[in-house]
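This report concerns only the one structure given below.
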Amino acid sequence: AGAMSSSSSEDADADKRVPYSRRPEWADVVPIPQPESANPVVLIDYADEYVDAMDVWRAVYRSRERSRRVLDLTRDVIGMNGGAYTVWHHRWELVSALGVDLAEELRYAGTMARANPKNYQVWNHMRLCSQVMKASGDAARATLAWELNETHTRIALMLDAKNIHAWTQRAWAVRTFGRWTEEMDFTERMIDDDVRNNSAWNQRFFCVVGGLGGFVTSTDDDGNGDGDAKSAPGDGGDAVVLAESELAFAKSQLDKSPHNESAWNYVRGILKRPNVGWGWRGEGEAIARKHLGDIFGEASRRRVGGGGEGDERGGESRDEACEPCRHAACLLAECLVDAGEFHEAGRVFDALRAIDPVRANYHAFRRAHALGLVSA
């Protein structure tokens, strides 16, 4: 993507701008224009100031000049085109070669992230700065790197609570700097703000499985060569304590929004962890039955000819309270299959075919599999 023609307000600023090609301090650089075909089908209408800056940048990039003026030039180009991948890469080479203050560079990247929140390059630049700050061996610099990552990702998520780039960067920072417990508090706040924020649920599960020590016993490498991807045994207690705590959290969120698929997937994820397993089927079944609703249509049959009055129960009408919950039914069926109660599970799958017609064939297959009519 390139910088396009400016708006009228930007044109006024551009009129005051002195082109690089006319600046005395750049007189020693011969600009290199962008190569174009002889007969382009469509010629991109770049802004004049962007063409000017890029022509000079190509020249210094080719000459491999390492200087402060080139660093400033990359900032100018990135300001006009935040997606300029090669310019970002060049800037990092300059930052490394010139000994630039990485904390300031990280702050700069954070500012650019607010302007370009869906930009891969800006988040990668932030990660590169953070890695070097942590590898310095200076605890204060490492702490500052974490704080800046936390601040910038939090601001990005305030602008868009489901920004995958910000969540990915945040997960990397949490893992690299070992801030698992703090992140649990953050995910709870995010889920309280929006119980259907699947990204926040995913981040919470990442913390539980990857860092709190309840479900893991070994250290993984995060692939970045940091050697920091360690679980933190003791922070979350043993598997049973952690599972109890997280199931209680998920249940409280299901009470607010029983048809929220994110919370049901979270419950299923906790129950399926190796150190917990479906041995906790009773707990999973209890959660499912609480929110099952009228999946067998019994309440509807009882109301036939009954006048259909809509009495309230805890703020919900009778119809809403009895509304079938396919997520609860799916979990119940899985628990029953695990317990060997295949015919009862088949009955639930039959009900799912009726209440979830879009997936009727899928539920029919699962019913046949549970009853031994087909192989997996």
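The values are calculated or read from the model by the stated rules, or taken from the named source; none is laboratory data. From a predicted model like this one, the values you see are computed outputs, not experimental measurements. When we count neighbours, we look across all protein chains shown, and the Cβ atoms used for this are built from the backbone with ideal geometry, even at glycine. We work out accessible area using only protein heavy atoms, side chains counted, and drop any ligands, DNA or RNA first. Shrake-Rupley method; radii C 1.70, N 1.55, O 1.52, S 1.80 Å.
General observations
- Total residues in the stretch 353-375, condition at pLDDT 90 or above and either touching an Asp or Glu at 6+ places or on another chain (Cβ under 8 Å) or exposed (fewer than 13 other Cβ atoms within 10 Å of the Cβ) (or both): 5
- A single member of A135, A156, A142, A171 is within 27 Å of V209 (Cα to Cα) and crowded, with 22+ Cβ neighbours inside 10 Å, and it is A156.
- Here S317 passes the criteria (1) closer than 24 Å to M190 by Cα; (2) at pLDDT below 85; (3) hydroxyl-bearing (S, T, Y) except the one numbered (1).
- Flag if T181 is in contact (Cβ under 8 Å) with a residue 40 or more places away in the chain, closer than 14 Å to W123 by Cβ and out of contact with any Pro (no Cβ under 9 Å at 6 or more places or on another chain): no
- Unique match (being assigned to a helix (DSSP H, G or I) and at pLDDT below 95) among R107, R114: R114
- Pairs where the first residue, in the stretch 142-157, is within 17 Å of R189 (Cβ to Cβ) and basic (K, R) and the second is at pLDDT 95 or above and surrounded by fewer than 22 Cβ atoms within 10 Å (Cβ to Cβ), C-beta under 8 Å, 6+ apart: R154/F186
- Residue pairs whose Cβ atoms lie under 9 Å apart, separated by 6 or more positions or on different chains, with the first residue in the stretch 162-175 and over 17 Å from A145 (Cβ atoms) and part of a loop (DSSP other than H, G, I, E, B) and the second open to solvent by 10 Å² or more (accessible area, probe 1.4 Å) and modelled with pLDDT of 95 or more, are K162/D194; K162/N198; K162/S199; N163/S199.
- A residue that is over 26 Å from P31 (Cβ atoms), at pLDDT 95 or above and surrounded by 16 or more Cβ atoms within 10 Å (Cβ to Cβ) can be found somewhere in the stretch 84-102.
- Of the residues making up the stretch 283-298, one or more are outside any strand (DSSP E or B), farther than 21 Å from I355 by Cβ and modelled with pLDDT of 85 or more.
- Subset tally (residues that are assigned to a helix (DSSP H, G or I) and open to solvent by 60 Å² or more (accessible area, probe 1.4 Å)) for the stretch 117-128: 2
- Scan the stretch 36-69 for residues that are β-branched (V, I, T) and more than 22 Å from N116 (Cα to Cα) and the total you get is 4.
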